[in-house]
Amino acid sequence: MNSYSLPPTRTFAALEQAARERILILDGAMGTMIQTLNMTEEDFTANGHIHGPGCRHHQSDHPQKGNNDLLVLTQPQAVEDIQLKFALAGADILETNTFSSTTIAQADYGLEAAVHDLNVAGAQVARRAADRATAEDGKPRWVAGAVGPTNRTASISPDVNDPGYRAVTFDDLRLAYGQQIDGLIAGGADLILIETIFDTLNAKAAIFAAFESFARIGQRLPIMISGTITDASGRTLSGQTPTAFWHSVRHARPFTVGLNCALGADAMRPHLSELAGVADTLVCAYPNAGLPNAFGQYDEEPEDTARKVEVFAREGLVNVVGGCCGTTPEHIRAIAEHVAGYAPRRIEETADA
């Protein structure tokens, strides 16, 4: 069976209907919230999953502090509580805490063997938060399985003296992403979010892997695809403009395409406008809370971020909005309030539909 002809999952239609009715809200930055908890190495390695006799994933020679994805196993309640705060602040879609849950990224921590468990647990934790929020206010929520770009690029050599060298191959990425996506689906993710794309070849591997996973289960999940513009040139790290990026991934027929991270909302707007002008699908934007200060922290207040994101809605550019680095539940609440009065972008108004 052709991957595109696979039947959609049960939640696909409900998500599409909600997106036709209003601008949907994505959650904010998990990392920002985790940092406020000031966790220690012992917190990251608790609950018998790492270090110590009888542990499930023993890697005593690798410090784990900073491996935020691991917290879905060692501090699941803390992650769930953060996601619940985002949901109650107005988020319709909760991302799993699995941005780095591939064998490629987890190699830095010696936890390649934990990848399946990380993704299953990541989806389950987010599902519990979504269900708790729905039980409280009656609003449906969806869980987006977060698939990050990894720390390697398939298009660019990391060695300036050997431009032909690649630190990772397409098949390396495809297999790693496939393992991750299988775990996310097993844990109950409603959709797959391929995000913070700096190299479209990496994204193509993730898309390929996603459709292989869908074929294995006999159903098709919605895919969200989000690139990142790295500087004022308006291009991704691998050199694509927003228009070129769209034409490189449109074959996936994504539920949404969009931009996240790297830039604050002000700097993102012209690039988002370009993308919205060519994409014949829904558009998603979740910028940082401005640019980081000298200490790597984000100073933009929730109302400031929300007013800037409101411009996206007022100009008819978006169907889904949220926040990336530095955005807290307060940012998401403010964004939700500021875009509530605007209709979602209409696909038929694009120049390239």
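The values are calculated or read from the model by the stated rules, or taken from the named source; none is laboratory data. Note that the coordinates shown come from a computational prediction; the quantities given were computed from them, not determined experimentally. We place every Cβ from the backbone using ideal geometry, glycine too, and count neighbours over all the protein chains shown.
In region 305-321, the qualifying residues are those that are free of Cβ contacts under 8 Å to residues at least 60 places away in the same chain and among the aliphatic types (A, V, I, L, M), and the one that is surrounded by the most Cβ atoms within 10 Å (Cβ to Cβ) is VAL309.
To keep it simple, each residue is scored yes or no on (1) modelled with pLDDT of 95 or more; (2) of a type in the set (Ser, Thr, Tyr).
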| residue | (1), (2) |
| --- | --- |
| GLU112 | yes, no |
| VAL120 | yes, no |
| ALA126 | yes, no |
| ALA129 | yes, no |
| ALA144 | yes, no |
| SER157 | no, yes |
| PRO163 | no, no |
| ASP172 | yes, no |
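Exactly one residue among VAL125, VAL147, VAL120 is over 21 Å from CYS261 (Cβ atoms), under 18 Å from the mean Cα position of the chain (by Cα), crowded, with 24+ Cβ neighbours inside 10 Å and among the aliphatic types (A, V, I, L, M), and that residue is VAL125. Does region 215-260 hold any residues that are β-branched (Val, Ile, Thr) and either touching a helix residue (DSSP H, G or I) at 6+ places or on another chain (Cβ under 7 Å) or at pLDDT 95 or above (or both), and which are they? Result: ILE217, ILE223, ILE225, THR228, ILE229, THR236, THR241, THR243, VAL249, THR256, VAL257.
So which of ILE185, ILE207, ILE225 ends up being among the hydrophobic types (A, V, I, L, M, F, W, C) and touching a strand residue (DSSP E or B) at 6+ places or on another chain (Cβ under 6 Å)?
Numbers: ILE185 fails: touching a strand residue (DSSP E or B) at 6+ places or on another chain (Cβ under 6 Å); ILE207 fails: touching a strand residue (DSSP E or B) at 6+ places or on another chain (Cβ under 6 Å).
Within the list ILE185, ILE207, ILE225, the selection yields ILE225.
Scanning region 150-189 for residues that are β-branched (Val, Ile, Thr) and assigned to a loop (DSSP other than H, G, I, E, B), we see that the one that is surrounded by the most Cβ atoms within 10 Å (Cβ to Cβ) is THR150. Among the conditions (1) surrounded by fewer than 16 Cβ atoms within 10 Å (Cβ to Cβ); (2) at pLDDT 95 or above; (3) in contact with a strand residue (DSSP E or B) (Cβ under 6 Å, 6 or more places away or on another chain), ASP92 misses just one, which is (1).
Please determine whether any residue of region 77-87 is outside any helix (DSSP H, G or I), more than 16 Å from the chain's Cα centre (by Cα) and modelled with pLDDT of 95 or more. So far as region 77-87 goes, no, none of its residues is outside any helix (DSSP H, G or I), more than 16 Å from the chain's Cα centre (by Cα) and modelled with pLDDT of 95 or more. Kindly evaluate ALA107 against the criterion of being surrounded by 23 or more Cβ atoms within 10 Å (Cβ to Cβ) and either more than 17 Å from ALA186 (Cα to Cα) or in contact with a helix residue (DSSP H, G or I) (Cβ under 7 Å, 6 or more places away or on another chain) (or both). It is false that ALA107 is surrounded by 23 or more Cβ atoms within 10 Å (Cβ to Cβ) and either more than 17 Å from ALA186 (Cα to Cα) or in contact with a helix residue (DSSP H, G or I) (Cβ under 7 Å, 6 or more places away or on another chain) (or both). In region 70-95, which residues are of a type in the set (Asp, Glu) and within 16 Å of ALA189 (Cα to Cα)? Correct list: GLU80, ASP92, GLU95.
Candidates in region 267-298 are the residues that are farther than 17 Å from THR241 by Cα, out of contact with any Gly (no Cβ under 8 Å at 6 or more places or on another chain) and of a type outside the set (S, T, N, Q); of these, the one that is surrounded by the most Cβ atoms within 10 Å (Cβ to Cβ) is LEU282. Inclusion of ILE194 among residues that are crowded, with 23+ Cβ neighbours inside 10 Å, free of Cβ contacts under 8 Å to residues at least 60 places away in the same chain and within 26 Å of ALA13 (Cβ to Cβ) is warranted. Return yes when ALA244 is buried (at least 24 other Cβ atoms within 10 Å of the Cβ) and not aromatic (Phe, Trp, Tyr) and no when it is not. No.
Being without any contact (Cβ under 8 Å) to a residue 60 or more places away in the chain and touching a His at 6+ places or on another chain (Cβ under 7 Å), is that true of even one residue in region 71-82? Yes, region 71-82 contains at least one residue that is without any contact (Cβ under 8 Å) to a residue 60 or more places away in the chain and touching a His at 6+ places or on another chain (Cβ under 7 Å).
Checked against the criterion of being among the small types (Gly, Ala, Ser) and farther than 21 Å from ALA19 by Cβ, the candidates GLY277, GLY264 yield just one match: GLY264.
Among the residues examined, LEU291 does not qualify as without any contact (Cβ under 8 Å) to a residue 60 or more places away in the chain, under 17 Å from the mean Cα position of the chain (by Cα) and more than 14 Å from ILE23 (Cα to Cα).
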